[in-house]
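Just so you know, all these numbers are worked out from the coordinates, no wet-lab data involved. What you are looking at is a predicted structure, and each value in this text was computed from that prediction instead of being measured. Heads up, the Cβs are rebuilt from the backbone with ideal geometry, glycines too, and the neighbour counts pull from every protein chain shown.
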Amino acid sequence: MLKFAVRRVLSTIPVMALVAFLVFSLLYFAPGDPALLFAGDSATPQQIEEVRRNLGLDQSFWVRFGSWLWAVLHGELGVSMISNVPVATLIRQRIEPTLSLMALTLVWAVTAAVPLALISAWKQGTAIDRGIMGFGVFGFSVPIFVLAYCLSYVFAVELRWFPIQGYVPISRGVGPWLNSLALPAFALGTSYVALISRIGRAALIEILQQDYIRTARAKGAAPKEILFDHALKNAAVPIVTVIGIGVGLLIGGAVVTESVFALPGIGRLTADAILRRDYPVIQGVVLLFSFTYMLVNLAVDLIYPLFDPRIRY
Amino acid sequence: MALLEIENLQTHFRTSDGINRAVDGLSLEVRPSETLAIVGESGCGKSVTSMSILRLLPENITKTAGSIRFHGRDLLKLTESEMRGIRGNEISMIFQEPMTSLNPVLTIGRQIRETIALHRTVSRAEMDGRAKDMLALVGIPDPARRLQEYPHQLSGGMRQRVMIAIALACDPKLLIADEPTTALDVTIQAQVLELLADIQAKSKTSIILITHDLGVVAEIAHRVVVMYAGRKVEEASVEDLLTRPRHPYTVGLLGAVPKIGVGGDKMRLVEIPGLVPNLKQRIAGCVFANRCPKARDLCLEFAPALEQKAPAHVVACHFAEKEGLAA
């Protein structure tokens, strides 16, 4: 188990290195000159040249990549070109709304998706099943920002149940915190619910046809016991897998959601940094996202044996 | 009085291209503490019969008629929740596939305790004790350790023993064993059959043994029902049926059993020509007529009734002579 965990962690290193390389080169080759932006509209060519030299932008690709990577390995994510604040500090300041949004979304999405998957698998082929899966297709096809604006219009602008935008830190009370995140979490989680319930349903339908389900029925088990004691535990591995994979979806969605609801999180930081070509910030957050995604999927791998005794590391 | 009486059972499936009459007018009875074998080739309706008794067939595509009286109560008329009280409690079932019939993610102990918990109000300690006793009863060494294990840690034969332990955990009156040894290798088959015979001798449980293997029948059955195309074609005591089969189908089945040392290398197995009839079409005459060496025009037109042709020997064939019966 420990050996597997160590090996699994080590195996993420080349992936992280590749991500770092891609992130760096993408921005290196991206059009637009940060020195121009940095120097301002009224700068003379000499001033721009000087800015470029100061920022190290006149060096070769490999030199810039090397020095950036070296710094990253020492925990130095660089300094924002716009605000002159270290990227690590920026991330620290912005992490709470994003973590809150993700956690809340994960919790509600999983609590909603698993029962939906169970109902729809049990009632396979009925109107209830088709209804749930119809919702699934809808949830997956409507872009987050469209859903976000619709929710915002109905529940914030018209009904005034929730704030239109903004974030209340949890330190100011759980109620207001939840209130400020309700609409964003709902908008962000809908496609996630659709994904998990759809995969969960497919897994459960296959499981419900297994011989051991017939055995359970022959023992006198009721639908409740068959679904919860027998089917759900067998479906846990695919469901947990898709939850892990879906975290990638959440990260991408958070950028959009935070922009629509003006949440001061990492997503907003990312969007703003991209618009301003704030390279160090973009690199920092993308690395952070990749790292988080890998960490989540590592955790998923490590908890498999809890659900399926046949998996041993 | 019989423990289980099936009368004119009809189990039909709705399929995309018509009604499949898997069981069509089957009657039989199971007496207390006897082993009744139901024999026939694949698709003859023997498994469907057993699934009909416990009502385990998918209800949306199945139509069942007739009656299945167990202790005088018609199982087909019970509510689903009354039926759950019977399954695993008064009537248990073991299946052909020991490798897949146990839940892979639950411990053996949990799966035995589940049956007990569903039907009895007892403490966890009592359940554990019972589970351990059951494993010991079915001949699993070191039961305390096995209770903690998962199915994948056990061999096929062990798993079938666990299935039997689960089935017997609540002392059922009737055990339905659907091809219990088909998936096991020959030495293990013999052990499992011996175990079933043993348990029956001790606990007086009635057994319905569903099989296509006449060797298994000879081993542990008392009476035999031969099924063909969803119907009973012959019924007799095991000695009678094996030594003096009267239905041409039974004769054919017995001819298809390989015998060691008989006829030498040149001896070929006799097979029954032709195929099982399509159960989606009505059959006017005898169901076996199209494959029967004795068939005449009469057989194609009129279905033979199940008649007593010898003491305790019922046959559905126009050409089975009566014998040993008072006129």
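Quick rundown of the values:
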read-out	value
The range A:204-280-the range B:1-53 distance, computed between alpha-carbon centres (Å)	45 Å
Whether the protein assembly as shown is rounded, prolate or oblate, judged on the alpha carbon gyration tensor where a/c under 1.5 counts as rounded	prolate
Using a Förster distance of 22 Å, the FRET efficiency for A:V142-A:L249 (Cβ separation, nearest 0.05)	0.95
Angle in degrees between helix A:266-276 and the longest Cα principal axis of chain A, rounded to the nearest 10	40 degrees
Rounded to 10°, Cα long-axis angle of helix A:127-141 versus longest principal axis of chain A	10 degrees
Pairs from B:K173/B:K202; A:K219/B:K63; B:K232/B:K309; A:K123/A:K224 whose Cα-Cα separation, in the structure shown, is over 18 Å	A:K219/B:K63
Share antiparallel - DSSP beta bridges, chain B, percent rounded to 5	60 percent
Other protein chain Cβ atoms within 10 Å, averaged over every residue that makes up B:105-117	4
Rounded if a/c under 1.5, otherwise prolate or oblate - the range A:19-73, Cα gyration tensor axes	prolate
The protein assembly as shown: antiparallel DSSP beta bridges as a percent of all, rounded to 5	65 percent
Gyration tensor verdict on chain B (Cα atoms; rounded if a/c is under 1.5, prolate if a/b is larger than b/c, oblate otherwise)	prolate
Protection proxy ranking, peptides A:140-152, A:157-169, A:271-283, average beta carbon neighbours within 10 Å, highest first	A:271-283, A:140-152, A:157-169
Nearest-ten-degree value, helix B:186-203 long axis tilted from longest Cα axis of chain B	80 degrees
